[in-house]
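The values are calculated or read from the model by the stated rules, or taken from the named source; none is laboratory data. Source: prediction; values computed, not measured. Virtual Cβ from ideal backbone geometry, glycine too; neighbours counted across all protein chains shown. The protein model used for the area step is the full one, side chains on, heavy atoms only, and it has no ligands, DNA or RNA in it. Shrake-Rupley method; radii C 1.70, N 1.55, O 1.52, S 1.80 Å.
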Amino acid sequence: RNCFTTLPQGIVSLSAVHDGLDSIYILGGYQNSDVHKYSIGTGLLDRIGNFTPFGNGAVVLANSEHIYYFGGQLTSTRHLFGNDERSSAIWKYSTVYGNFTQVGSFPHTIVGTTAVWDTSAKSAYLIGGYSTEVKDLDKIYSFTEASSLKAAALLPQTRDDAAAVWVPGQGLVYVFGGWVGRSAGWSDDILAYNPVRSEEHTSELQSHHDL
């Protein structure tokens, strides 16, 4: 195996972010409350803190000192894919002090949302997800710690567990695939969301959807 070290145990539904330098932070997961820091240069893994054992949350790196963690599912004792307690919380983790602080919350629980970070606007965009109360979500939320959380746009369909990236040069969030519900199943859409114009475009390879 091409690896320098291993995790202390097998873990699924965990989250990881790169600090832009040498470190990768690894948070939570199924029945795991540890926070680890992995050094790219040395290949060493260090346990640096504790977190409520959430899985299936979304995570973004705001800067070298702060990581945001959105929602998630408490997976301490029950089956990973069961109806464990879901979270509505927004947490901030300090890479300097090694502690978590709750800085906001969704109006409902949320898992399976997808998060990207806009460095210039210092804002996170949360795409879709699943809620115990609302079920499949069709919203894009924006979050800044100063202005908290707000609904920014509607997706053309509900969307869980999609993949998304922020492209700074274009000022767009690209969203790939995802679960759109039992009637439609998996999506083949490629969407591009412009947070400034608050609109959604669809790739020319796909049928167009208007918000």
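Some observations on this one:
- Pairs of Lys in the chain closer than 18 Å at Cα, counting only those 8 or more apart or on different chains: 5
- Charge dipole (Cα centre; +1 on Lys/Arg Cβ, -1 on Asp/Glu Cβ; no other charges) of the chain amounts to roughly 420 debye.
- As a length-normalised measure over Cα pairs under 8 Å and 6 or more apart, the relative contact order of the chain settles at 10 percent.
- Dipole axis of the chain (+1 Lys, Arg; -1 Asp, Glu on Cβ), positive-most option in S187, P168, A115: A115
- Of L44, L7, the residue with the largest accessible area leads and the full order is L44, L7 (1.4 Å probe).
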